[in-house]
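The numbers here are math on the coordinates, done by the rules we state, and not lab data. None of these values were measured; they are calculated from a predicted model. In this analysis, Cβ positions are derived from the backbone assuming ideal geometry, glycine residues included, and neighbour counts consider all displayed protein chains.
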Amino acid sequence: MYIDWQLSDVCNFKCTYCNLASMGGVEGWPTLEQAKGLVDNILSHSDHDYRTYNLLGGEPTLWKHFGELCTYIHNEDESHVIQVLTNGSRTKRWWQTYAPTMDKIIISHHVATTKDRSPEHTIMVAETCHPNSNVSIQILMDIDNFDECATHFNVMLARLPGIRITPKKGETNLGSGEWMPYSPEQLAWFDDALVRAKANEQRISPIHKAIGNKPIDRRFFASDGVTEWHTSNKDLIINDANHFEGWNCNIGLDMIAVKPSGQIRPSSSCFKNVTLGNYRTSSTINWPKAPFVCNQASCFCGADIEVEKHAPK
Ligand code: SF4
Ligand code: SF4
């Protein structure tokens, strides 16, 4: 099961391309008891092989109880994957204390808002966490600071062998679906950088450590009754194969999306009018009993795409 849990809309960075849903600061934080209650509710309901808790914000590590929540999940759910999406801004000591509970840490590096406009803090966090967690870095290639972003990318590649470092195309405004207007030279840089990033992942690293048998990388499964697909969401989008209108989709069964207000929905980006509950105001969740029939022409959200789907018989 995949729990896409946006804990809050509070962030300590103010990136120019961000949106209010991620940094507006209107919703504040849940209480620790509310958050633990949601975990308990999920555990009493889910009989999945494992559960991935994708914890994000805003900046989730700012929450004073964030480390306690990770520890709680770690202790209470025997089959958990804790995945944290962070800007990495907390101190070395904080990461030393709490990173050991996290299976996967994705650091989103924002050049213009990171400490001293330098790659050093992010490098320190990656080196601190990598012995225990699967760390990756996504550099948001801000078109207004493109060359500086490219320099940070090069420095990180040289200093962090074996770590996945990805240059990420930015939207003009987060969630708008409209890419920043990169020049042909900049787009060519992306192609070259992705090749170099792949090579870096394959370099032998003294700080790299695999994490047991945990299913860190999710793979998409779909079946039309004849053919089965086991692939990645990126492949599907690139090959224009992300269209499932009329299919039975396991959102709500194998996935929930939790919003900063506490609202629980069956998916991150579709069926937005369907509410399963609100963990900040009630302990009741109306768990769906059957798949949803897709009513969208295309499926774009990475988390949503990876939910199991079957063509109607
Ligand atoms: S770090 Fe992320 S959430 Fe925070 S302002 Fe930047 S883009 Fe928004
Ligand atoms: S758009 Fe929604 S219902 Fe349709 S396939 Fe994607 S996640 Fe499932």
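Ordered by the count of other Cβ atoms within 10 Å of each Cβ, fewest first, Lys259, Lys36 give Lys36, Lys259. When the alpha-carbon atoms of segment 271-313 are used, the pair Rg, Dmax equals 13.1, 40 angstrom. Other residues with beta-carbon under 13 Å from the beta-carbon of Thr172 carry, at +1 per Lys or Arg and -1 per Asp or Glu, a net charge of -3. A DSSP coil position with no more than 13 other Cβ atoms inside 10 Å describes the following GluC sites (Glu not before Pro) in segment 123-195: Glu178.
Between Thr284, Thr114, Thr128, the GNM of the chain built on Cα springs shorter than 10 angstrom shows Thr284 fluctuating the most. Compared with the direct C-alpha span, the chain from Ala290 to Asp40 gains 87.8 nm at full extension, assuming 0.36 nm per residue. Take the Cα of Glu76, go 7 Å toward its beta carbon, and the backbone nitrogen atoms of segment 26-57 under 16 Å from that spot belong to 30-47, 51-55. For the residues Ser269, Ser176, Ser46, a GNM of the chain with alpha-carbon springs under 10 Å puts the largest fluctuation on Ser176.
Highest mean first, the peptides 63-73, 100-110 sorted by other C-beta atoms within 10 Å per residue fall in the order 100-110, 63-73. At q = 0.11 Å⁻¹ the log10 of I(q)/I(0) for the chain amounts to -0.72, computed by Debye summation with a single uniform scatterer per C-alpha, solvent ignored. Each of Glu120 and Ser298 was given a label point 7 Å from its Cα along the Cα-to-Cβ line. The distance between the two points is 4.3 nm. For Cα pairs less than 8 Å apart in space and 6+ apart in sequence, what is the mean separation divided by the residue count of segment 18-117, i.e. the relative contact order in percent? Taking the mean separation of contacting Cα pairs over the length of segment 18-117, I get 25 percent. Using Cα-Cα distances under 8 Å and only pairs 6 or more residues apart, what relative contact order does the chain have, in percent? Taking the mean separation of contacting Cα pairs over the length of the chain, I get 18 percent.
Checking the Cα-Cα distances for Lys168/Lys289; Lys64/Lys104; Lys36/Lys198; Lys14/Lys309 against a 29 Å cut-off, the pairs over it are Lys168/Lys289; Lys36/Lys198; Lys14/Lys309. With r as the distance between the Cβ atoms of Leu174 and Asp47 and R0 = 30 Å, compute the FRET efficiency 1/(1 + (r/R0)^6) and round to 0.05. Plugging the Cβ-Cβ distance into 1/(1 + (r/R0)^6) gives 0.30. D by Stokes-Einstein for segment 41-154, Kirkwood Rh over Cα pairs, 20 °C, 1.002 mPa s: 143 µm²/s. Of all beta bridges that DSSP places with both ends in the chain, some 30 percent have antiparallel geometry. Say the dipole of the chain comes from +1 at the beta carbon of Lys and Arg and -1 at that of Asp and Glu; which of Val111, Tyr98, Ile305 then lies farthest toward its positive end? The residue sitting most towards the positive pole is Tyr98.
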